[in-house]
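The values are calculated or read from the model by the stated rules, or taken from the named source; none is laboratory data. For clarity, every value in this text was computed on a predicted model and none was experimentally measured. Glycine gets a Cβ as well: all are built from the backbone with ideal geometry, and neighbour counts include every protein chain shown. In case anyone asks, the SASA skips ligands and DNA or RNA and just uses the protein heavy atoms, side chains included. Shrake-Rupley method; radii C 1.70, N 1.55, O 1.52, S 1.80 Å.
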Amino acid sequence: MTTLFSPLQIGSLTLANRVVMAPLTRNRAPGALPTALMATYYTQRADPKNGAGLIVSEATAISHQGQGYSDVPGIWSDAQVEAWKPVTAAVHAAGGKIFMQLWHVGRVSHVDLQPGGQPPVAPSALTAKTKTVLIQNGVPKFVDTSAPRALDIAELPGIVQDYRRAARNAVAAGFDGVEVHGANGYLLDQFLRAGSNQRTDTYGGSIENRARLLVEVMQAVCDEIGGDKVGLRISPVTPANDAADPQPQPLFEHVVLQLAPMKLAYLHVIEGSTGGPRDYVQGDKAFDYVALRNAYRAAGGAAAWMVNNAYDRALADQALDNGADLVAFGRPFIANPDLTRRLREGAALNAGDRMTYYGGGAAGYTDYPTL
Ligand code: 8OZ
């Protein structure tokens with residue numbers, strides 16, 4: 001019988017259990033460089049007897065333009081590659097596996113975070129009704145995102161190239177693979193959804209056109225490092241960061257059909273509203289996640305199916321019984337480095353302190369107690 005604590009083979013990688021640490025933005029990388037404290041934080045969660053079978057890193061900017069929050073890490077420079085190496089080495093020494101989440105925020109940014117104070121970029125010049133985090137004098141503040149400019153079609157190959165370089169850099173930094181961030185209203189999701197994409201060229205309009213950039217990015221990343229080292233995170237109905245589409249079901253079914261031949265490591269699906277209700281509805285009817293997976297499997301897609309959002313032990317067991325392969329836990333991993341052990345033993349979970357989620361030091365980061 002498969003449980004959360006059974007191993008899983010994905011590509012050439014053996015995961016010791018099916019508990020995944022979801023990507024979590026923590027804003028503790030000043031100058032976009034990872035730190036020794038980050039190595040400690042990930043390593044505390046890396047031993048698969050107590051912690052995650054797979055860690056997905058916090059979202060990491062593929063370029064300066066792709067950055068949208070203060071003190072999030074990057075993976076576009078040699079200095080960043082070097083600074084990530086101690087993190088991956090420490091995770092591996094603890095017996096862990098770690099993928100890097102590759103991130104371009106698109107319009108979810110602020111001029112203060114962009115190269116030369118320029119406006120952020122987006123599929124269309126539509127401001128997202130959302131906030132970003134700016135840290136000034138050590139104090140995190142939620143501020144409105146800046147008005148973006150629409151990307152010229154001639155700029156898109158450069159963005160695909162930035163993802164490709166980021167994937168190559170992630171592997172050079174010692175990561176076991178990468179997860180492309182296609183969720184939560186960031187650049188690739190902005191292209192996917194009609195609410196943020198009003199383009200009239202081959203990257204807007206039809207579902208096929210809106211999915212084009214994501215498919216090109218996935219193909220480039222797979223070509224660069226091999227599909228068995230590549231995952232994708234999607235959030236078909238989330239309203240996060242002003243993401244909106246009237247018909248997510250055919251949109252995401254088209255996406256997974258395009259991905260089926262790429263032989264990916266996993267597909268990571270946020271069910272419902274990110275960090276909120278699982279039964280959130282966007283568009284005209286409830287999203288059918290089983291139909292999405294069936295469409296992918298029917299097209300020959302064999303990637304591990306990872307589910308996420310508000311899972312507990314009972315819901316996770318049910319998901320595995322119903323055909324999911326991996327369950328990602330986000331906020332529970334902030335406060336419980338030994339989450340896997342606690343799930344296995346039915347132990348109580350520590351509560352996290354929201355005031356220390358974004359920015360700061362060791363407090364609320366590396367000081368949560370284990371059993
Ligand atoms: C919370 C705060 C900042 C960023 C996401 C990368 O929602 C994020 C994020 C979450 O995917």
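Descriptive notes on the structure:
- Pair list, Cβ < 9 Å and 6+ apart or interchain, from segment 253-282 residues that are at pLDDT below 95 and surrounded by fewer than 17 Cβ atoms within 10 Å (Cβ to Cβ) to residues that are of a type in the set (Lys, Arg) and not in a helix (DSSP H, G or I): none
- Positions within segment 86-107 being farther than 18 Å from residue 155 by Cα and under 20 Å from the mean Cα position of the chain (by Cα), in sequence order: 87, 88, 91, 96, 97, 98, 99, 100, 101, 102
- Any hit, segment 227-235, residues being assigned to a helix (DSSP H, G or I), within 16 Å of the ligand (Cβ to nearest atom) and more than 24 Å from residue 285 (Cα to Cα): no
- Only residues that are among the β-branched types (Val, Ile, Thr) and within 16 Å of the ligand (Cβ to nearest atom) were counted across segment 236-293, and they come to 5.
- Answer from 297, 293 - the residue that is at pLDDT 95 or above, touching a strand residue (DSSP E or B) at 6+ places or on another chain (Cβ under 7 Å) and of a type in the set (Lys, Arg): 293
- Taken together, 142, 191 contain a single residue that is more than 23 Å from residue 79 (Cα to Cα), aromatic (Phe, Trp, Tyr) and open to solvent by 20 Å² or more (accessible area, probe 1.4 Å), which is 142.
- Qualifying residue in segment 2-24 (condition: at positive phi and of a type outside the set (Lys, Arg)): yes
- In this entry, residue 118 passes the filter for residues that are open to solvent by 10 Å² or more (accessible area, probe 1.4 Å) and more than 12 Å from the ligand (Cβ to nearest atom).
- Selection from segment 60-84 of residues that are more than 23 Å from residue 361 (Cβ to Cβ) and touching a Pro at 6+ places or on another chain (Cβ under 7 Å): 64, 65
- Segment 304-359: number of residues that are open to solvent by 50 Å² or more (accessible area, probe 1.4 Å) and in contact with a Phe, Trp or Tyr (Cβ under 7 Å, 6 or more places away or on another chain): 1
- The residues in segment 43-64 that are of a type outside the set (Lys, Arg) and either surrounded by fewer than 24 Cβ atoms within 10 Å (Cβ to Cβ) or more than 16 Å from the ligand (Cβ to nearest atom) (or both) can be counted, and the count is 13.
- Screening 201, 223 for residues that are at pLDDT 95 or above, farther than 26 Å from residue 98 by Cβ, open to solvent by 20 Å² or more (accessible area, probe 1.4 Å) and not aliphatic (A, V, I, L, M) leaves exactly one candidate, 201.
- Hey, residue 57 within 19 Å of the chain's Cα centre (by Cα), in a loop (DSSP other than H, G, I, E, B), within 22 Å of residue 360 (Cβ to Cβ) and not acidic (Asp, Glu) or not: no
- Boolean, residue 187 is at pLDDT 95 or above, touching a Gly at 6+ places or on another chain (Cβ under 7 Å) and closer than 20 Å to residue 263 by Cβ: no
- Any hit, segment 139-149, residues being among the aromatic types (Phe, Trp, Tyr), at negative phi and touching a residue at least 40 places away in the same chain (Cβ under 8 Å): no
- In segment 88-111, the count of residues that are free of Cβ contacts under 8 Å to residues at least 60 places away in the same chain, open to solvent by 20 Å² or more (accessible area, probe 1.4 Å) and within 16 Å of the ligand (Cβ to nearest atom) is one or more.
- Of everything listed in (1) touching a helix residue (DSSP H, G or I) at 6+ places or on another chain (Cβ under 6 Å); (2) open to solvent by less than 60 Å² (accessible area, probe 1.4 Å), the single unmet condition for residue 232 is (1).
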